[in-house]
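Q: First, the structure itself, so that you have it in front of you.
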Amino acid sequence: MTRVFSGVKPTGHLTLGNYLGAMRRWAAVDQHEADALFCVVDLHALTVDHDPARVRRLSRQSATLLLAAGLDPELCTVFVQSHVDEHARLSYVLECVATDGEMRRMIQYKEKAARERQRQRQRQRGGSVRLSLLTYPVLMAADILAYGAGEVPVGDDQRQHVELARDLAVRFNQRYGHTFVVPRATRPEVAARVMNLQDPASKMGKSDDVGPGIVYLLDEPDVVRKKVMRAVTDSGREVVYDRETRPGLANLLEILAACTGGEPEALSGAYTSYGALKKDTAEAVVEVLRPLQARHKELCADPGHVEGVLRAGAERARGMARPTVDAAYRAIGLLPAVAEAETAGAGAVVTV
Ligand code: TRP
């Protein structure tokens with residue numbers, strides 16, 4: 001069975017884009033067909049200026065929403081990254097395999113560093129950027145390689161990072177002996193790419209500060225309706241599906257299609273006015289979010305349950321990652337802390 005790993009970074013409230021683009025498929029397909037791990041990657045949230053209490057809150061909320069979206073701890077492993085030491089342990093070793101040039105070439109680093117510098121300057125804090133922002137892709141590679149994940153379902157913006165994880169795995173294996181599974185990025189065929197309702201040229205991402213163009217998974221129905229009704233549309237009157245020339249309209253049609261199981265092109269024929277399309281889209285989104293919000297509410301009423309799930313998830317994850325990370329430590333030349341026989345008994349791969 002293929003092992004699949006994916007992560008959610010607790011830097012903002014999860015959005016309709018996260019749900020329709022990824023989480024829904026994790027619950028409907030991946031957890032059934034693969035040996036899947038879903039991780040709240042909280043260490044990654046510390047790479048930019050952050051508020052500790054907010055990160056803590058968002059980590060708990062993200063984990064709760066993953067469960068509310070249908071991830072079932074009986075079928076997959078849901079856990080928090082910082083609960084499993086192997087991520088940080090392996091990240092350092094991989095830093096000794098990656099080069100600084102490689103890091104500086106990462107497109108996301110260039111973009112995020114520029115944005116972060118600007119933000120820091122506005123707050124009169126100088127223009128510095130955390131070193132961890134530069135090394136972030138190595139930690140992400142560690143997330144993937146520690147588990148021997150063969151497939152990593154990610155959006156286009158993360159493909160370059162998965163490529164890096166591939167390169168590091170191949171390089172490590174060549175230099176120090178076969179240790180890691182070489183992963184590849186997969187893109188779910190049917191995932192909707194939901195764009196910002198106020199700016200259909202950019203993705204509806206959770207890290208965007210705030211926005212009337214972003215529907216959050218926990219938005220009240222009336223807030224959802226308001227945001228959808230105020231979505232920017234394109235000039236012109238007839239409802240046609242064309243991503244290039246009518247991106248605002250196309251986004252609405254795609255959201256409606258993703259929520260109702262239809263096809264955007266076919267749906268466009270059923271509307272003669274923007275208003276009617278917006279109204280139906282708003283209701284479709286409200287209906288998709290309804291069960292998720294109800295389940296979230298139940299889970300919030302029982303925080304002990306969520307904590308238990310995360311604790312058990314971390315334990316299982318640790319058991320999967322430990323032998324591989326131990327093997328990497330040994331292969332790269334670090335002296336084992338305990339006698340070979342003991343770790344061999346614990347299931348580690350010993351190649352001495
Ligand atoms: N970098 C990813 C993002 O910003 C989150 C992430 C961290 C991730 N580690 C991962 C995704 C491992 C997939 C696999 O969205």
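Q: Express in nm, to one decimal, how much length is gained between Asp157 and Arg56 on full extension, taking 0.36 nm for each residue of separation and deducting their alpha carbon distance.
A: Working: separation 101, 0.36 × 101 = 36.36 nm, distance 2.51 nm.
The span from Asp157 to Arg56 would gain 33.9 nm if fully extended.
Q: If the chain between Ile107 and His32 were fully stretched, how many nm would it gain, using 0.36 nm times the residue separation less the Cα-Cα distance?
A: Result: 23.7 nm gained on full extension.
Q: ³J(HN,Hα) across segment 230-243 via Karplus (A = 6.51, B = -1.76, C = 1.60, θ = phi - 60°), whole Hz, x for Gly/Pro?
A: 8, 4, 6, 10, 9, 6, x, 10, 7, 8, 10, 9, 8, 4
Q: Then there's this: Going through segment 124-205, which trypsin sites (Lys or Arg not before Pro) have at most 16 other Cβ atoms within 10 Å and a DSSP loop state?
A: Working: sites: Arg125, Arg130, Arg159, Arg166, Arg171, Arg175, Arg184, Arg193, Lys203; in loops: Arg125, Arg130, Arg193.
Answer by residue number: Arg125, Arg130, Arg193.
Q: While we're looking at this one, here's another question. Taking only the alpha-carbon positions of segment 211-300 and ignoring solvent, what does the Debye formula give for the base-10 log of I(q)/I(0) at q = 0.20, 0.23, 0.26 Å⁻¹?
A: At q = 0.20, 0.23, 0.26 Å⁻¹ the computed log10 ratios are -0.90, -1.13, -1.35.
Q: Within a Cβ distance under 13 Å of Arg246, other residues only, what is the Lys/Arg minus Asp/Glu net charge? Each step should come with its number before you reach the end.
A: On the way: positive: Arg237, Arg243; negative: Asp234, Glu238, Asp242, Glu244, Glu254, Glu265.
Within the 13 Å Cβ shell, the charges total -4.
Q: Now for a separate question. Check each of the trypsin sites (Lys or Arg not before Pro) in segment 26-91 and keep only those in coil by DSSP with at most 12 other C-beta atoms within 10 angstrom; list them in order.
A: Values: sites: Arg54, Arg56, Arg57, Arg60, Arg89; in loops: none.
For trypsin sites (Lys or Arg not before Pro) across segment 26-91 that sit outside H, G, I, E and B with at most 12 neighbouring Cβ atoms in 10 Å, the list is empty.
Q: What dipole magnitude, in Debye to the nearest 20, does segment 211-300 give about its Cα centre under +1 on Lys/Arg Cβ and -1 on Asp/Glu Cβ?
A: That gives a dipole near 320 debye.
Q: Compare the Cα positions of Ala141, Gln122, Ala165 along the charge dipole of segment 97-219 (+1 at Cβ of Lys, Arg; -1 at Cβ of Asp, Glu; about the Cα centre) and return the one farthest towards the positive end.
A: Sorting the options by dipole projection puts first Gln122.
Q: Rounded to the nearest 0.05, what FRET efficiency do Ala270 and Gln174 have when you use their Cβ-Cβ distance and R0 = 45 Å? Before the final figure, lay out the partial values.
A: Numbers: r = 56 Å, r/R0 = 1.25.
Rounded to the nearest 0.05, the efficiency is 0.20.
Q: Using the basic label-point model (7 angstrom from Cα toward the beta carbon), what is the Ala312 to Val240 distance in nanometres?
A: 5.5 nm
Q: Can you compute the helix-only [θ] at 222 nm over the chain? Use -39500 (n - 2.57) per DSSP H run of at least 4 residues, normalise by all residues, nearest 500 deg cm²/dmol. Mind dumping the intermediate values first?
A: Working: 12 runs with 171 residues, N = 352.
It lands at -15500 deg cm²/dmol.
Q: Now for a different question. Roughly how many debye, to the nearest 20, is the charge dipole of the chain about its Cα centre, given +1 on each Lys and Arg Cβ, -1 on each Asp and Glu Cβ, and no other charges? Before the final figure, lay out the partial values.
A: On the way: 46 positive and 45 negative charges, 227 e Å.
Value, rounded to 20: 1080 debye.
Q: Tally Lys and Arg at +1 and Asp and Glu at -1 over the other residues with C-beta under 11 Å from the C-beta of Leu334: what net charge comes out? If you can, show how the numbers build up before the last one.
A: Numbers: positive: Arg89, Arg330; negative: Asp326.
Around Leu334, the surrounding residues sum to +1.
Q: Separate question: Counting Lys +1, Arg +1, Asp -1, Glu -1, what net charge surrounds Arg121 among other residues with beta carbon under 13 Å of its beta carbon? Don't skip to the end; give the middle numbers.
A: On the way: positive: Arg115, Arg117, Arg119, Arg123, Arg125; negative: Asp49, Glu116.
The answer is +3.
Q: Which of the lysines could be linked to Lys278 by a straight reach, that is with a Cα gap under 25 Å, when you skip same-chain ones fewer than 8 residues away?
A: Counting by Cα, and skipping residues close in sequence, Lys278 has these lysines nearby: Lys203, Lys206, Lys226, Lys227.
Q: Additional query: On a straight-distance basis, which aspartates and glutamates could pair with Lys112 in a cross-link, Cα separation under 13 angstrom, same-chain partners fewer than 8 positions away excluded?
A: Cα-Cα hits under 13 Å: Asp49, Asp157, Asp208.
Q: Right, here's the next one. Give me the extension gain from Ala88 to Asp302: residue separation times 0.36 nm, minus the current Cα-Cα distance, reported in nm with one decimal. Walk me through the intermediate numbers first.
A: On the way: separation 214, 0.36 × 214 = 77.04 nm, distance 3.05 nm.
Result: 74.0 nm gained on full extension.
Q: Positive end of the charge dipole of the chain (Lys, Arg +1 and Asp, Glu -1 on Cβ, about the Cα centre): tell me which of Gln31, Ser202, Leu67 has its Cα farthest that way.
A: After comparing all options, I get Ser202.
Q: While we're looking at this one, here's another question. Need one word for segment 54-158: rounded, prolate or oblate. Basis is the Cα gyration tensor (sqrt eigenvalues a ≥ b ≥ c); a/c below 1.5 gives rounded, then a/b vs b/c decides. Could the numbers behind the result be given before it?
A: Details: a/c = 2.08, a/b = 1.36, b/c = 1.53.
Oblate is the answer for segment 54-158, as a/c is 1.5 or above yet b/c matches or exceeds a/b.
Q: Moving on to the next point. Sequence-distant or interchain residues sharing an amide H contact under 5 Å with Val181, placed H: which?
A: Those qualifying (amide H under 5 Å, at least 5 residues apart or on another chain) are Gly148.
Q: Something else now. In whole percent, how big is the carbon plus sulfur part of the accessible area of segment 211-300, probe 1.4 Å, protein atoms only? Before the final figure, lay out the partial values.
A: Numbers: 2430 of 4590 Å².
Ligands and nucleic acids excluded, carbon and sulfur reach 53 percent.
Q: Quick one: accessible area per residue over the chain, 1.4 Å probe, rounded to a whole number of Å²?
A: Details: 17000 Å² over 352 residues.
Result: 48 Å² per residue.
Q: Through the Karplus equation 6.51 cos²θ - 1.76 cosθ + 1.60, θ set to phi - 60°, convert the phi angles of segment 75-86 into ³J(HN,Hα) values in whole Hz; use x for Gly and Pro.
A: Those phi angles translate into 9, 9, 10, 10, 7, 10, 3, 5, 7, 10, 4, 4 Hz.
Q: While we're here: Tell me the angle of helix 107-122 to the major Cα principal axis of the chain, expressed in degrees between 0 and 90 and rounded to the nearest ten.
A: Orientation of helix 107-122: about 70 degrees from the principal axis.
Q: Label Met1 and Gln198 with points 7 Å out from Cα along Cα→Cβ: what is the distance between them in nm?
A: 4.4 nm
The values are calculated or read from the model by the stated rules, or taken from the named source; none is laboratory data. Everything numeric here is computed off the predicted structure, so don't read it as measured data. FYI the Cβ positions are ideal-geometry reconstructions off the backbone, even for glycines, and counts take in every protein chain you see. We work out accessible area using only protein heavy atoms, side chains counted, and drop any ligands, DNA or RNA first. Shrake-Rupley method; radii C 1.70, N 1.55, O 1.52, S 1.80 Å.
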